[in-house]
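Visitor: Okay, handing you the structure first.
The values are calculated or read from the model by the stated rules, or taken from the named source; none is laboratory data. These figures come from a predicted structure and were not determined experimentally. Cβ placement follows ideal geometry from the backbone for every residue including glycine, while neighbour counts extend to all protein chains displayed. Just so you know, the surface numbers come from the protein's heavy atoms only, side chains and all, with ligands and any DNA or RNA stripped out. Shrake-Rupley method; radii C 1.70, N 1.55, O 1.52, S 1.80 Å.
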Amino acid sequence: ICPGDSATLQVRFEGTAPFSVTYLRNGSNAKTVSNIKQLNYTLKVSGDGTYTLSAVSDKIRSGCVSGSGIVISRTIPTASISGSATVCEYVPADLRITLTGRPPWSFSYRRNSETPVVVSPVASSPNYLSVTKAGTYKLVNVTDKYCNGTVSGSAQITVTPAPVVTITGLKPAYSA
């Protein structure tokens, strides 16, 4: 699960509803859920660890439990942009995107207030964006194989206009 999310574990009952079930996380912190009316129940849990059942009962008697569920907490991915530069017109500047988390990643960026551009899939970090337009570049979002993440940084690109070149004195046949 990603930070802040909950996991769903499937519990299958046999007997006559309503059921009560007690479960443990990593062998402690017993919690009981009562008045379960369906035979296939989705148990929502938060936090990583191994979840096991410790007791079950229906309205008549206690029963036997078995099985376990393992929940793994993932770390959120991050993306940071850097690479401010001054370049000549028509010459690209490389913006560096440093990523953490599990590939493949997907991220989006924007120049000034333009519509975000999505870059996906990204297999390795760092990733480089080649840009030729002046402006402030910022990341909008990042996701890795498992979770949405956080973004930081900005890059300022300044473009120096190319000089205007004219050739004079050519004969008309060469002026094309």
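Visitor: Within region 1-30, count every residue that is more than 11 Å from Leu53 (Cβ to Cβ) and open to solvent by 90 Å² or more (accessible area, probe 1.4 Å).
Guide: Counting residues in region 1-30 that are more than 11 Å from Leu53 (Cβ to Cβ) and open to solvent by 90 Å² or more (accessible area, probe 1.4 Å) gives 4.
Visitor: Could you grab me the full set of residues in region 33-52 that are within 26 Å of the chain's Cα centre (by Cα) and open to solvent by 90 Å² or more (accessible area, probe 1.4 Å)?
Guide: Lys44
Visitor: Are any of the residues in region 83-92 β-branched (Val, Ile, Thr), on the phi < 0 side of the Ramachandran plot, surrounded by fewer than 11 Cβ atoms within 10 Å (Cβ to Cβ) and assigned to a loop (DSSP other than H, G, I, E, B)?
Guide: Within region 83-92, none of the residues are β-branched (Val, Ile, Thr), on the phi < 0 side of the Ramachandran plot, surrounded by fewer than 11 Cβ atoms within 10 Å (Cβ to Cβ) and assigned to a loop (DSSP other than H, G, I, E, B).
Visitor: Collect the residues in region 22-61 that are of a type in the set (S, T, N, Q) and either at positive phi or not in a strand (DSSP E or B) (or both), keeping them in residue-number order.
Guide: Asn26, Asn29, Asn35, Gln38, Ser46
Visitor: Separate question: Filter region 137-171 down to the residues that are modelled with pLDDT of 95 or more and among the charged types (D, E, K, R), then identify the one that is surrounded by the most Cβ atoms within 10 Å (Cβ to Cβ).
Guide: The qualifying residue surrounded by the most Cβ atoms within 10 Å (Cβ to Cβ) is Asp144.
Visitor: Considering region 136-176 alone, what residues qualify as being under 19 Å from the mean Cα position of the chain (by Cα), at negative phi and in a loop (DSSP other than H, G, I, E, B)?
Guide: Scanning region 136-176 gives Asp144, Lys145, Tyr146, Cys147, Gly149.
Visitor: Among Ile70, Ile76, which is the only one that is farther than 30 Å from Ser130 by Cβ and either of a type outside the set (Asp, Glu) or surrounded by fewer than 11 Cβ atoms within 10 Å (Cβ to Cβ) (or both)?
Guide: Residue meeting the stated conditions: Ile70.
Visitor: Would you tally the residues in region 1-53 being touching a residue at least 12 places away in the same chain (Cβ under 8 Å), more than 30 Å from Asp144 (Cβ to Cβ) and among the small types (Gly, Ala, Ser)?
Guide: Residues in region 1-53 being touching a residue at least 12 places away in the same chain (Cβ under 8 Å), more than 30 Å from Asp144 (Cβ to Cβ) and among the small types (Gly, Ala, Ser): 6 in total.
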